Structure formats: structure tokens, C-alpha cells
Amino acid sequence: MAASKILPFLFLAIFCSIHPKAVAIEAITVTIHIIVDLPASSGITTTDCIGEEWKLKPGEHFEITRWPDRRYICKADQNGTKQGSWLAFDPLRDLLRTDVFCSVREDGFYFSYDQSSWLKLNGWDH
């Protein structure tokens, strides 16, 4: 009888000790959102942030999730006519952020935490 009263408390103690660890592991990743905010006539934009290349059309939204242990510099090439790069994630600048947003636009590359306030990071190299 005493064991049946102890089991719920034991289960609760085990759950409480495991659950924060699972939450902590999930919280230490960052998702970099890349949004191609270019006119439809601009065509395909090739983007590379982690050594992998993606071909994105105007209006597309792409995301990658990584460990926030280093800087992620992204590069873009718009149909071979314009190239550029920007700092998509910096562990010091973006400390404790789980999402960062990058917008590729006609005049350059923008950065945001909330998609309402944008900071221009770089322009295109022609």
C-alpha cells in the first residue's frame, strides 16, 4: 500500500528532472529564415548559407535550423547579374534568439527578429 502512494511522487520527480533537459536542448538551436522579397520579374536567386546551395524564386521563404555556435554568412546570386553576402547569424549579436529573419530585396539584404523592424545589413555587389 505504501508503495502505491510513493509511485506517483517518484514518477513526478523523474519527469521534472528529465523535462527541463529536453526543453534546454531544443532551445539551443536557431532557425534562420530567408525570405526572397524580390519582384517576380527578377527570376531565380541562388542562396548559400552553410555550404549548400538553394535556388529560390521571388516570394519564397526558406529556413534552416542550426546550432548557434558560430557565425553564418549567407551569399546570394541573382541570375549572375548581382552578387552579395550578409551576416545571417552571429552568436554575440543574436544571443538567446531562436529565430532570425533575413530578407533579400532589390537594394540589398535586411535582418530582423520580428519581421516588422528591418535593418539593412548590406547592398548588392554589382
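Could you list, in sequence order, the residues of segment 68-115 that are within 19 Å of residue 53 (Cβ to Cβ), surrounded by fewer than 20 Cβ atoms within 10 Å (Cβ to Cβ), in contact with a Phe, Trp or Tyr (Cβ under 6 Å, 6 or more places away or on another chain) and small (Gly, Ala, Ser)?
84
For segment 35-63, name all the residues that are charged (D, E, K, R) and touching a Gly at 6+ places or on another chain (Cβ under 9 Å).
37, 57
Just to check your reading of the model, which residue among 66, 71 is at pLDDT 85 or above, out of contact with any Asp or Glu (no Cβ under 9 Å at 6 or more places or on another chain) and under 30 Å from residue 124 (Cα atoms)?
Working: 71 fails: out of contact with any Asp or Glu (no Cβ under 9 Å at 6 or more places or on another chain).
None of the other options fit; the residue is 66.
I'm told residue 58 meets every condition in (1) assigned to a loop (DSSP other than H, G, I, E, B); (2) out of contact with any helix residue (DSSP H, G or I) (no Cβ under 7 Å at 6 or more places or on another chain) except one. Can you identify the failing condition by its number?
Here residue 58 clears every test but (2).
Only residues in segment 23-42 that are under 14 Å from residue 88 (Cβ atoms) count as the first member; pair them with residues that are modelled with pLDDT under 90 and among the charged types (D, E, K, R), Cβ under 6 angstrom, at least 6 apart or cross-chain, and list the lot.
That search, which allows pairs on different chains as well, returns nothing.
The values are calculated or read from the model by the stated rules, or taken from the named source; none is laboratory data. Predicted model only: the values in this text are computed from it and were never measured. Glycine gets a Cβ as well: all are built from the backbone with ideal geometry, and neighbour counts include every protein chain shown.
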